[in-house]
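The next block holds one structure in the form of structure tokens; read it before the comments.
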Amino acid sequence: CMAAVFCLRTFADTEKQREDIGLADASGFFLSADGVAVTNYHSIDKANLAVATLVTGETYPVEQVLYYDLEADIAILKVSRTSLEGETTSAFACLEAAAEDELRVGDTVYAIGSPLGLGLAFTSGIVTATGRVVENYRYPCIMNSADISQGSSGGALMNVYGREVRVTTGAYA
């Protein structure tokens, strides 16, 4: 599953990208092998450029934002299949979505993201609540005990079968 998740670094412009002065570090994951991916909207807000770095270290530019929903804090991206290094991939690894009824309180879950922009990390926890209504969130949340830090936003929350159950979006401190 790590191959389907990436570190996302956003930039204000090409000059800032050349100087490696990022706006934000976040996470994302591929929904399809052709480069359609998801992250949180707040991860790309105010950015003009973004780069996805895979667990292998390969970097791919984000070509465009296909869809976003500010209230749901979701953005769908199209990642180029040609890396910044000039190599073209035939396909990206992607995560399969879990069915709504596949998750219950007490289930083990895994979170993959890039906490603090330090690279991909894998944590585990248990589901402590499903359908939790949380202020400032449009949809009910899944509460869990997997470690999620700043930079993990947009990463994958998965069940024991490696299927994506939600996009990680926040943590209580």
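At-a-glance table
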{"item": "Members of the range 1-35 found to be in contact with a Cys (Cβ under 8 Å, 6 or more places away or on another chain) and surrounded by fewer than 21 Cβ atoms within 10 Å (Cβ to Cβ), listed by number", "result": "Leu31, Ser32, Ala33"}
{"item": "Looking only at the range 39-61, and only at residues there that are among the aliphatic types (A, V, I, L, M) and either free of Cβ contacts under 8 Å to residues at least 40 places away in the same chain or over 11 Å from Phe6 (Cβ atoms) (or both), the one that is surrounded by the fewest Cβ atoms within 10 Å (Cβ to Cβ)", "result": "Leu49"}
{"item": "Filtered residues of the range 7-59 (kept if part of a helix (DSSP H, G or I) and either among the charged types (D, E, K, R) or over 25 Å from Cys94 (Cα atoms) (or both))", "result": "Thr14, Glu15, Lys16, Gln17, Arg18"}
{"item": "Count - residues of the range 3-38 that are modelled with pLDDT of 95 or more and out of contact with any Gly (no Cβ under 7 Å at 6 or more places or on another chain)", "result": "9"}
{"item": "Subset tally (residues that are open to solvent by 60 Å² or more (accessible area, probe 1.4 Å) and assigned to a strand (DSSP E or B)) for the range 66-81", "result": "3"}
{"item": "Failed item, numbered, when Arg81 is tested on (1) modelled with pLDDT under 95; (2) more than 13 Å from the chain's Cα centre (by Cα); (3) closer than 24 Å to Ala24 by Cα", "result": "(1)"}
{"item": "Verdict on Leu95 being assigned to a loop (DSSP other than H, G, I, E, B), open to solvent by 90 Å² or more (accessible area, probe 1.4 Å), in contact (Cβ under 8 Å) with a residue 12 or more places away in the chain and in contact with a strand residue (DSSP E or B) (Cβ under 7 Å, 6 or more places away or on another chain)", "result": "no"}
{"item": "Strands (runs of 3 or more DSSP E) wholly inside the range 123-173 containing at least 2 residues that are buried (at least 21 other Cβ atoms within 10 Å of the Cβ) and either of a type outside the set (A, V, I, L, M, F, W, C) or in contact (Cβ under 8 Å) with a residue 60 or more places away in the chain (or both)", "result": "156-158, 164-167"}
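The values are calculated or read from the model by the stated rules, or taken from the named source; none is laboratory data. Owing to the predicted nature of the structure, the values given are computational and were not obtained by experimental measurement. Cβ: placed from backbone, ideal geometry, glycine included. Neighbour counts: every protein chain shown. Calculation scope for accessible area: heavy atoms of the full protein, side chains included, ligands and nucleic acids excluded. Shrake-Rupley method; radii C 1.70, N 1.55, O 1.52, S 1.80 Å.
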